[in-house]
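To start, the structure itself, in structure tokens.
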Amino acid sequence: MLLKDLANEYRESAAMLTERIKKLTEQIADKNICEMEKMRLRRRADILRTMYYETLKTAKYLEGYYAGEDA
């Protein structure tokens with residue numbers, strides 16, 4: 001497997017994280033759940049956001065790993 005292939009997998013993972021964050025955000029907006037549950041969902045969304053940014057950072061690093069090697 002090449003690093004660019006691995007970077008693509010990281011980007012796919014980031015897309016899945018984005019979808020999950022969107023679903024959690026929709027759940028948080030639901031007026032029928034208690035504040036404690038909303039707080040729990042916000043915490044989960046925050047953790048997933050951190051994972052999302054780290055995943056993207058890793059993908060960008062892998063994509064640019066060989067940049068400038070030909071120079």
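The values are calculated or read from the model by the stated rules, or taken from the named source; none is laboratory data. Source: prediction; values computed, not measured. Positions of Cβ are backbone-derived with ideal geometry, glycine not excepted, and every protein chain shown enters the neighbour counts.
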### Query
Restricting the first residue to the range 1-17 and requiring it to be more than 9 Å from residue 55 (Cβ to Cβ), which pairs with a second residue that is at pLDDT below 95 and buried (at least 16 other Cβ atoms within 10 Å of the Cβ) meet a Cβ separation below 6 Å and a spacing of at least six or different chains?
3/62; 6/62; 7/62; 7/63
### Of all residues making up the range 34-64, the number that are at pLDDT below 95 and not in a helix (DSSP H, G or I)
1
### Query
From the residues in the range 21-44 that are surrounded by 12 or more Cβ atoms within 10 Å (Cβ to Cβ) and either in contact with a Phe, Trp or Tyr (Cβ under 9 Å, 6 or more places away or on another chain) or of a type in the set (A, V, I, L, M) (or both), which one is farthest from residue 55 (Cα to Cα)?
33
### Task
Please work out which one of (1) among the small types (Gly, Ala, Ser); (2) over 18 Å from the mean Cα position of the chain (by Cα); (3) outside any loop (DSSP other than H, G, I, E, B) is the condition residue 67 fails and give its number.
(3)
